[in-house]
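Novice: Sharing a structure here in structure tokens format.
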Amino acid sequence: SLLSNTEKLTKKAQRGLSAKQAMAREYTEADRSPVFPANGNRDPNDADYQKMAKNGFADWKLEIGGLAEKPASFTLAELQQMPSRTQTTRHDCVEGWSAIGSWQGVRLADFLKRIGADTRAKYVWFGCAEGYSNTIDMATALHPQTQLTFKFADAILPRKYGYPMKCRMPTKLGFKNPKHIIALYVQNNDAGGYWENQGYNWFSGL
């Protein structure tokens, strides 16, 4: 209980000391790393995920819930048709390595606007394959570089990097960037996350 309360104070202090719109450096395509390691789970050993994989993810849908005026689900095709941008940014892993890669997708802020999300809410929670989860604060969700990602290096996002969808946040350490996403909820409760619940720093970035 003491550690939990201390973590809450730490989160408030980190957010208070960090500029909400501080930008991660963006690079050119020439700066891309020749080798980009895959962090975390490369191919979820999850029955539902593997079933969708066998069907080419034709049945995959992003579930939307919580404080949104238009809670629904989106197919991959619908998401990929939304306006997108490319960012070439550095991925910093908590294990000590870094690599630069290009990611293409939809700004999360634009997507939240589309679903009528209440941006006065405190958090956005991501549910992922194999029970993985992650929670970010609304300031991070609305950051212009936070992105629902569908492509890597101008090609369909490889499964090892999170196919069919990843949330790319260059202002955060790698473990805060959820992969193999299946659900997104806007909410006021901090639901934690897989690594955060094991003691990793919740904020982990700008």
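Novice: Let me understand segment 13-70 better: what is its radius of gyration from the alpha carbons, and its Dmax, in angstrom?
Specialist: Rg, Dmax (Cα atoms, Å): 18.8, 47.
Novice: Quickly estimate the mean residue ellipticity at 222 nm for the chain, helices only: each DSSP H run with n ≥ 4 gives -39500 (n - 2.57), and the total goes over all residues, rounded to 500. Each step should come with its number before you reach the end.
Specialist: Values: 5 runs with 40 residues, N = 206.
After summing the helix terms and dividing by residue count, I get -5000 deg cm²/dmol.
Novice: Scaled to the compact-protein estimate 2.2 N^0.38 Å, what is the alpha-carbon radius of gyration of segment 90-157, rounded to two decimal places? Display every interim value, and only then the final one.
Specialist: On the way: Rg = 13.6 Å, N = 68, 2.2 N^0.38 = 10.9 Å.
Scaled against compact globular proteins, the figure is 1.24.
Novice: May I pose another question? Just to make sure I understand: if all protein chains stay in place, what is the order of Leu2, Leu62, Leu173 by accessible area at 1.4 Å, largest first? Don't skip to the answer; put the middle values down first.
Specialist: Working: Leu2 135, Leu62 0, Leu173 55 Å².
Sorted descending by solvent-accessible area, the residues read Leu2, Leu173, Leu62.
Novice: Rounded to the nearest 10 Å², what accessible area does Asp110 have for a 1.4 Å probe in the complete protein model?
Specialist: 80
Novice: Mind putting a number on the dipole of the chain about its Cα centre? Charges go on the C-beta only, +1 for Lys and Arg and -1 for Asp and Glu, and I need it in Debye to the nearest 20. Can you show the working numbers first?
Specialist: Numbers: 27 positive and 20 negative charges, 75 e Å.
Taking the Cα centre of the chain as origin, the dipole is about 360 debye.
Novice: Of the listed values (i) 16.3, 49; (ii) 17.4, 58; (iii) 16.8, 51, grab the one calculated as Rg and Dmax of the Cα atoms in Å from the structure here.
Specialist: Given (i) 16.3, 49; (ii) 17.4, 58; (iii) 16.8, 51, the structure-derived one carries the label (i).
Novice: Using a 10 angstrom cutoff on alpha carbons, build the Gaussian network for the chain and name the most mobile of Lys160, Lys122, Lys12.
Specialist: Maximum among the listed residues: Lys12.
Novice: In a GNM of the chain with a 10 Å cut-off on Cα contacts, which of Gly131, Gly105, Gly192 has the highest mean-square fluctuation?
Specialist: Result: Gly131 has the largest fluctuation of those listed.
Novice: Then there's this: I'd like to check one number: the per residue accessible area of the chain, probe 1.4 Å, reported in Å² as a whole number.
Specialist: Values: 10310 Å² over 206 residues.
Per-residue accessible area for the chain comes out at 50 Å².
The values are calculated or read from the model by the stated rules, or taken from the named source; none is laboratory data. The structure presented is a predicted model; accordingly, all values stated were derived computationally and were not measured. Every residue, glycine among them, receives a Cβ derived from its backbone with ideal geometry; neighbour counts consider all protein chains shown. The protein model used for the area step is the full one, side chains on, heavy atoms only, and it has no ligands, DNA or RNA in it. Shrake-Rupley method; radii C 1.70, N 1.55, O 1.52, S 1.80 Å.
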